[in-house]
């Protein structure tokens, strides 16, 4: 027996398609899934939306989304049927690889009294810009402080 995988199927219908034609396409996809002993996990009708570019001379399309748990051989049948239907102007089938992963939740860090105001390791603080002073006078370079030379005691004879 084959392993069921999760897939996201999105197809765009001709904007001039009637509701009966849209229901027929959805029913065909659902029938293929049930015949292959798969399940429809989610079905969304996203409605009519504007397309980013012309697709078969259409500026708008009716979007339908399916989230399926289905055999890999049956997803090929879904793809073949979507390609053959006249009302479908574009479709995409993507294998869902991250829905089974759980989000890693980091524990909340509580500041203790020993930490003080130090920043966490690895954090970067933005550097402050030095303030510039503009004056018309020439800059004055301070001369270095004179270095005291050690004195040697003189001997008196």
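Is it fair to say residue 89 is touching a residue at least 40 places away in the same chain (Cβ under 8 Å) and either in a helix (DSSP H, G or I) or farther than 13 Å from residue 25 by Cα (or both)?
No: the conditions fail for residue 89.
Among (1) surrounded by 15 or more Cβ atoms within 10 Å (Cβ to Cβ); (2) touching a residue at least 40 places away in the same chain (Cβ under 8 Å); (3) in a strand (DSSP E or B), there is one condition residue 65 misses while meeting the rest; what is its number?
It fails just one condition, (1).
What's the number of the condition residue 68 fails, among (1) over 20 Å from residue 22 (Cβ atoms); (2) in contact with a strand residue (DSSP E or B) (Cβ under 7 Å, 6 or more places away or on another chain)?
If we test residue 68 against (1) over 20 Å from residue 22 (Cβ atoms); (2) in contact with a strand residue (DSSP E or B) (Cβ under 7 Å, 6 or more places away or on another chain), just (1) comes out false.
Can you tell me which residues in the stretch 13-35 are within 17 Å of residue 79 (Cα to Cα) and touching a helix residue (DSSP H, G or I) at 6+ places or on another chain (Cβ under 9 Å)?
Residues satisfying the conditions are 13, 25, 28, 29, 32, 33, 35.
Conditions first: (1) in contact (Cβ under 8 Å) with a residue 40 or more places away in the chain; (2) assigned to a strand (DSSP E or B). Residue 48 passes all but one, so which condition is the exception?
Of the numbered conditions (1) in contact (Cβ under 8 Å) with a residue 40 or more places away in the chain; (2) assigned to a strand (DSSP E or B), the odd one out for residue 48 is (1).
When both residues are 6+ apart or on different chains and their Cβ atoms are under 6 Å apart, which pairs have a first residue that lies in the stretch 1-23 and is on the phi > 0 side of the Ramachandran plot and surrounded by 16 or more Cβ atoms within 10 Å (Cβ to Cβ), and a second that is modelled with pLDDT of 95 or more and assigned to a strand (DSSP E or B)?
Final answer for the pair search is none.
Can you name every residue in the stretch 13-45 that is within 17 Å of residue 67 (Cβ to Cβ) and part of a strand (DSSP E or B)?
39, 40, 41, 42, 43, 44, 45
The values are calculated or read from the model by the stated rules, or taken from the named source; none is laboratory data. Computed from a predicted structure; not experimentally measured. Every residue, glycine as well, gets a Cβ built from its backbone with ideal geometry; the counts of neighbours run over all protein chains shown.
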